[in-house]
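What follows is one structure encoded as structure tokens, with my remarks underneath.
The values are calculated or read from the model by the stated rules, or taken from the named source; none is laboratory data. Here the structure is a predicted model, which means the values were calculated and not measured. Virtual Cβ from ideal backbone geometry, glycine too; neighbours counted across all protein chains shown. All accessible areas refer to the heavy atoms of the entire protein, side chains included, with ligands and DNA or RNA removed. Shrake-Rupley method; radii C 1.70, N 1.55, O 1.52, S 1.80 Å.
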Amino acid sequence: MKTLEKGLIITAIIALGLKSNQLAIGAMVFTSTIGALALLYIYFGFLLFEEKEIQLKDIPFKSILKDRNNKKNRGITIVGYAMSILLLGILFILQGWPSGISMLLVGFIAVLISFIIVAIKNKKQPNILLKNIFLRLSVYGAIGLVLIILNLHLIL
């Protein structure tokens, strides 16, 4: 799963480069990869943040909904939703679609709240899971913050 995540991120970066060079295929690939990454965080976020690599064939699809209901996985699922909203806001801003700044702000605020909660929990009881979540929230939050600053004229 982590290999899939890394592959989607690398593909999105390459597609963004193609899009900036005015190649039409870049916009389509960028939209597809960011959308796939957002869906990956929504549905499989609690599996992605684990310390060990999980293969797609090893995932018990029947018990996924049952696993999402315990307290730890419920919080991780909420973090996955926040990251997905931020990713879609980034997608909307970079594609120039309407309502991009509002989605970016909502996603950034959700990621910021998640970031603060994870930072407090990590300080109390550090573990690999929280470290993985913290790293992803930091990277996506920084990208979101840069885009918010660059588009500040749309907010004011």
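Scanning region 130-156 for residues that are surrounded by 15 or more Cβ atoms within 10 Å (Cβ to Cβ) and of a type in the set (Lys, Arg) yields one hit, Arg136.
Criterion first (open to solvent by less than 30 Å² (accessible area, probe 1.4 Å), within 11 Å of the chain's Cα centre (by Cα) and small (Gly, Ala, Ser)) does Gly26 satisfy it? It is false that Gly26 is open to solvent by less than 30 Å² (accessible area, probe 1.4 Å), within 11 Å of the chain's Cα centre (by Cα) and small (Gly, Ala, Ser). Helices (runs of 4 or more DSSP H) fully within region 23-118 that include at least 2 residues being at pLDDT 75 or above: 24-48, 71-95. Sub-7 Å Cβ pairs linking a first residue in region 91-105 that is buried (at least 18 other Cβ atoms within 10 Å of the Cβ) to a second residue that is of a type in the set (Ser, Thr, Tyr), at least 6 apart or interchain, are Leu91/Thr31; Phe92/Ser99, ordered by first then second residue.
The set of residues from region 119-129 being open to solvent by 70 Å² or more (accessible area, probe 1.4 Å) and assigned to a helix (DSSP H, G or I) comprises Ile120, Lys121, Lys123, Lys124, Ile128.
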